[in-house]
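Chemist: This structure is in structure tokens; I'll ask about it shortly.
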2 protein chains.
Amino acid sequence: MTLPHKLLILSEQAQEYARLLAEASLPGLSLVAVTGPEQALRRGAECDLVFGEPSLIREVLTGLPNLQWVQATWAGVEPLLDPSLRCDYVLTNARGIFGGLMSEYVFGYLLAHERAILARAAAQQAGCWDRTEPGSLRGKLLGLLGVGSIGCYLAGTGRHFGMRVRGYTLSSESCPDVEQYFHEADLPAFAEGLDYLVNSLPGTPATRHIVDATLLAALPARAVFVNVGRGSSVDEAALEAALRSGKLAGAVLDVFEQEPLPPGHPFWSTPNLVITAHVAAPTFPADMAGVFVENYHRLLAGEPLKYRVDFERGY
Amino acid sequence: MTLPHKLLILSEQAQEYARLLAEASLPGLSLVAVTGPEQALRRGAECDLVFGEPSLIREVLTGLPNLQWVQATWAGVEPLLDPSLRCDYVLTNARGIFGGLMSEYVFGYLLAHERAILARAAAQQAGCWDRTEPGSLRGKLLGLLGVGSIGCYLAGTGRHFGMRVRGYTLSSESCPDVEQYFHEADLPAFAEGLDYLVNSLPGTPATRHIVDATLLAALPARAVFVNVGRGSSVDEAALEAALRSGKLAGAVLDVFEQEPLPPGHPFWSTPNLVITAHVAAPTFPADMAGVFVENYHRLLAGEPLKYRVDFERGY
């Protein structure tokens, strides 16, 4: 692709991104920064590059005749993968910036579980000197459903706390902190003996309801399930049943089949379930701008862009 | 010291320690395992070695004419440091086994603070989809009051989560994860700009009330103080005042001047204060038995014992 380039920033944080990219003084690049699809189509129709939220970009795909490259500000790009949509451009997603944040979320809740932080807070409220012995992550078995950049970061934190770490992946075995890999039909063997199961798989047809009654039944009753991937990976009715019957000790969910989680959804009253509102890993604009800047320099240099999404595979 | 040795195990977990040491088949060692001082004096008076809790051992010191070495099962050995007590024996404490556990406690509460785990749990109870953006440890400044084996472990975990780490110590500067050291009169400079202050200093006359109104006033109002060292290091009235006035964002205390924390103590009603019941780092018998076994082999080999306590210095 040749200079000059015209970039449409289509994001709730468009002004912040425009400021950060202006600071980066990117050669040959002019910017149109808008927060909504209507403005985008009015002011940005000539743009060849787009940077922003997949849910917004989806609305303007047909109105961008010159489109060459979309850099998404999310890790999950499902809104752009609908087979009815065009796929004649390079799509790159946000990667490499969420591992640390996801790790803070996951290990915040793992440690809160081992240390009974909520129960101790209740004891304190009651004026009670609670000598209950704490648990420890050390020696516990962590199972990672998905070992991409996020899963691999989680593996590193698990090892830091002395955990044993297993991974279930499609094919990759490149994370040095995963001690044992499982693939395909190995799912029940992967689940056996886990203390914690953490899902960070992308939402694709292949991962739909991978956490189902069969997988949940293969977990020990002491296990806790954490979902920081996508809600579509979980059979929510099966998870609710496992928690209500005590066959699973707990679950921590940041993502759901429908978000916001609707009022009246059974999860609101399911025991031993932590619900958070898709806040595990917010996109910090400075990090995300850095991803765009690096990829823009690659574009100029004629190098392959990083974090390219395969439209067929879905990640 | 020559063979054979006779070991008095004086501990609430005496049977477990006796089992673990018997498994270790230590040459030339016979065991007397008791849980209380009276039994100890009746059955263990001839022992030359003692292994157990400092608070119990203190009660039998005068009844052990052959005493050569005490291996304490605690890191803090204050009960044995009273100047009125004998100090004609080698005293070693528990070290090297608490870093990981302390780190789980400290970072459990640091992450609970950044991620507002308690507030989000309350929102969930209210059926509220709480989109409050979480904080992150990354880039935050951690100040370690004391950089012994526990402080250095905390530094490593802080660096894992992308924190900047400072240490205040008497003299040592050997922890690779501490970026900047402060000593003696540098305490206000050490405190400046900290997001988290974590005390792991031993309880000695020199560390008494080191966390006082002056140090607390030097912290930013956003700072959170964590105490996993000793209660005697904190001026509790000054800490209460700082929390009540909002000059300090929060505190997490596992240790207190008086334990259990008495009913009616002002801390029970102080805002933004987490109270836990001296449970940050329980002594796991298998770990502690390992410390004894290693030191016993050193004793037999005529090597200096590890973790020797200086009665004057107090650690």
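The values are calculated or read from the model by the stated rules, or taken from the named source; none is laboratory data. This is a predicted model, so every value here is computed, not measured. Cβ coordinates were reconstructed from backbone atoms using ideal geometry, including for glycine residues, and neighbour counts include every protein chain displayed. The accessibility values were calculated without ligands, DNA or RNA, using every heavy atom of the protein model including side chains. Shrake-Rupley method; radii C 1.70, N 1.55, O 1.52, S 1.80 Å.
Chemist: Among A:SER11, A:ALA40, A:LEU215, which residue has its Cα furthest toward the positive end of the charge dipole of chain A, with +1 on Lys/Arg Cβ and -1 on Asp/Glu Cβ?
Modeler: Sorting the options by dipole projection puts first A:LEU215.
Chemist: I want the local charge near A:PRO134. Using Cβ-Cβ distances under 11 Å, sum +1 for each Lys or Arg and -1 for each Asp or Glu among the other residues.
Modeler: Working: positive: A:ARG115, A:ARG120, A:ARG131; negative: A:GLU114, A:ASP130, A:GLU133, B:GLU104, B:ASP254.
Here the count lands on -2.
Chemist: If you build the Cα gyration tensor of the stretch B:1-120 and take the root of 5 times each eigenvalue, what three semi-axes come out, in whole angstrom, biggest first?
Modeler: So the equivalent ellipsoid measures 34, 17, 13 Å along its semi-axes.
Chemist: Still on this structure, please answer the following. What do you get for GluC sites (Glu not before Pro) in the stretch B:33-137 restricted to DSSP loop and a cutoff of at most 15 other Cβ within 10 Å of the site's Cβ?
Modeler: Answer in residue order: B:GLU46.
Chemist: Further, regarding this structure: Rounded to the nearest 20 debye, what is the charge dipole size of the protein assembly as shown about its Cα centre when +1 sits on each Lys and Arg Cβ and -1 on each Asp and Glu Cβ?
Modeler: Roughly 40 debye for the protein assembly as shown.
Chemist: Here's a follow-up. Suppose you put the label 7 Å out from Cα in the Cβ direction; list, shortest first and in nm with one decimal, how far B:GLY63 is from each other copy's label.
Modeler: 8.9
Chemist: Expressed as cubic angstrom per residue, what is the convex hull volume of the alpha carbon set of the stretch B:219-315?
Modeler: Dividing the Cα hull volume of the stretch B:219-315 by its residues yields 137 Å³.
Chemist: Here is a follow-up. Taking every alpha carbon pair in the stretch A:267-306, what does the distance histogram look like in 5 angstrom bins from 0, in percent?
Modeler: Binned Cα distances yield the sequence 6, 18, 14, 12, 10, 8, 9, 8, 7, 5, 2.
Chemist: Moving to a separate point now. If you take each beta carbon of peptide B:125-137 and count the beta carbons of other chains within 10 angstrom, what is the mean? It would help to have the intermediate numbers written out before the result.
Modeler: Numbers: counts 2, 1, 7, 5, 11, 5, 6, 3, 3, 9, 2, 7, 5.
Per-residue shielding by partner chains comes out at 5.
Chemist: Over the heavy atoms of B:ARG131, what accessible area does a 1.4 Å probe trace out, to the nearest 10 Å²?
Modeler: 140
Chemist: Connecting C-alpha atoms closer than 10 Å in a GNM of chain B, tell me which of B:GLY99, B:GLY158, B:GLY63 has the biggest fluctuation.
Modeler: Highest fluctuation of the listed residues: B:GLY63.
Chemist: Dipole of chain A, Cα-centred, from +1 at each Lys and Arg C-beta and -1 at each Asp and Glu C-beta, to the nearest 20 debye?
Modeler: The calculation lands at about 520 debye.
Chemist: Now a separate question. Please compute the contact order of chain A in relative form: average sequence separation of alpha-carbon pairs under 8 Å and at least six residues apart, divided by the residue count, as a percent.
Modeler: Taking the mean separation of contacting Cα pairs over the length of chain A, I get 15 percent.
Chemist: Next question. In the P(r) worked out for the stretch B:1-63, what percent of Cα pairs fall beyond 20 Å?
Modeler: Pairs farther apart than 20 Å: 20 percent.
Chemist: Same structure again: Distance cut-off 31 Å, Cα to Cα: go down the list A:LYS140/B:LYS247; A:LYS247/B:LYS140; B:LYS6/B:LYS306; A:LYS306/B:LYS140 and report the pairs above it. Walk me through the numbers on the way to the answer.
Modeler: Working: A:LYS140/B:LYS247 39 Å; A:LYS247/B:LYS140 39 Å; B:LYS6/B:LYS306 20 Å; A:LYS306/B:LYS140 29 Å.
Listed pairs above 31 Å: A:LYS140/B:LYS247; A:LYS247/B:LYS140.
Chemist: Taking the dipole about the Cα centre of the stretch A:63-148, with the C-beta of Lys and Arg at +1 and of Asp and Glu at -1, give me whichever of A:VAL90, A:ALA119, A:LEU67 is farthest to the positive side.
Modeler: Towards the positive end, the residue furthest out is A:ALA119.
Chemist: Taking only DSSP H segments of four or more residues, each worth -39500 (n - 2.57), what value at 222 nm results for chain B once the sum is divided by all its residues, to the nearest 500 deg cm²/dmol?
Modeler: Calculated mean residue ellipticity at 222 nm is -8500 deg cm²/dmol.
Chemist: Moving on to the next point. Inside 10 Å of the C-beta atoms of A:253-261, what's the mean count of C-beta atoms belonging to other chains?
Modeler: The per-residue average across the peptide is 1.
Chemist: Taking only Cα atoms and a 10 Å spring cutoff, compute GNM fluctuations for chain B and point out the largest among B:THR204, B:THR157, B:THR214.
Modeler: B:THR214
Chemist: Along each principal axis of its Cα atoms, how long is the stretch A:224-270 end to end? Whole angstroms, biggest number first, please.
Modeler: Rounded to whole Å, the extents work out to 26, 23, 14 Å.
Chemist: At 7 angstrom along the Cα-to-beta-carbon line, where would the label on B:GLU133 sit relative to the other copies? Give the distances in nm, shortest first.
Modeler: Ordered by increasing distance: 4.4 nm.
Chemist: With +1 on the Cβ of every Lys and Arg and -1 on the Cβ of every Asp and Glu, and nothing else charged, how large is the dipole of the stretch B:135-283 about its Cα centre, in debye rounded to the nearest 20? Each step should come with its number before you reach the end.
Modeler: Values: 10 positive and 14 negative charges, 88 e Å.
Dipole size: approximately 420 debye.
Chemist: Then there is this: Principal axes first, then extents: for the Cα atoms of the stretch B:174-277, list largest minus smallest coordinate on each axis, whole Å, largest first.
Modeler: Taking the Cα atoms of the stretch B:174-277, the three principal extents are 41, 28, 22 Å.
Chemist: So, one more: Taking chain B as the reference, fit the longest principal axis to its C-alpha atoms, fit the long axis of helix B:99-114 to the helix C-alpha atoms, and give the angle between the two in degrees, 0 to 90, nearest 10.
Modeler: 20
Chemist: Whole-Hz Karplus ³J(HN,Hα) for the stretch A:205-219, in order, using 6.51 cos²θ - 1.76 cosθ + 1.60 and θ = phi - 60°, x for Gly and Pro?
Modeler: For the stretch A:205-219, the Karplus-derived couplings read x, 6, 9, 4, 6, 5, 8, 10, 4, 5, 5, 4, 5, 7, 7 Hz, x marking Gly and Pro.
Chemist: For the stretch A:86-140, what percent of Cα pairs sit more than 14 Å apart?
Modeler: Value for the stretch A:86-140: 69 percent of Cα pairs lie more than 14 Å apart.
Chemist: Determine the equivalent ellipsoid of the stretch A:50-163 by diagonalising the alpha-carbon gyration tensor, then write out the semi-axes as square roots of 5 times the eigenvalues, largest first, rounded to whole Å.
Modeler: 43, 17, 10
Chemist: If the elastic network links every pair of Cα atoms under 10 Å, which of B:GLY156, B:GLY36, B:GLY127 fluctuates the most in the Gaussian network model of chain B?
Modeler: B:GLY127
Chemist: Compute all pairwise cysteine Cβ distances in chain B, then list the cysteines with no distance under 4.7 Å to another cysteine.
Modeler: So far as the 4.7 Å Cβ criterion goes, B:CYS47, B:CYS87, B:CYS128 stand without a partner in chain B.
Chemist: Something else about it: For the stretch B:83-230, take every pair of Cα atoms, bin their distances at 10 Å starting from 0, and report each bin as a whole percent.
Modeler: Reading the bins upward from 0: 10, 37, 30, 15, 6, 1, 0.
Chemist: Mind checking the stretch B:148-204 for chymotrypsin sites (Phe, Trp or Tyr not before Pro) that DSSP puts in a loop (not H, G, I, E or B) and that have at most 13 other Cβ atoms within 10 Å?
Modeler: none
Chemist: While we're on this one: Based on Cα positions only, what radius of gyration and what Dmax would you give for the protein assembly as shown, in angstroms?
Modeler: Considering the protein assembly as shown through its Cα atoms, Rg and Dmax are 28.4, 94 Å.
Chemist: So, one more: Averaged over peptide A:102-115, how many Cβ atoms belonging to another chain are found within 10 Å of each residue's Cβ?
Modeler: 6
Chemist: Going by Cα centres, the stretch B:75-148 and the stretch B:203-231 are how many Å apart?
Modeler: If we compute the Cα centre of each part, the gap is 14 Å.
Chemist: To the nearest 10 degrees, how steep is helix A:149-160 against the longest Cα principal axis of chain A, on a 0 to 90 scale?
Modeler: Taking the Cα atoms of chain A, the angle to A:149-160 is about 40 degrees.
Chemist: Let me ask something else about it. If eta is 1.002 mPa s and T is 20 °C, what Stokes-Einstein diffusion coefficient results for chain B, Kirkwood Rh from Cα pairs, in µm²/s?
Modeler: Values: Rh = 21.1 Å.
It comes out at roughly 102 µm²/s.
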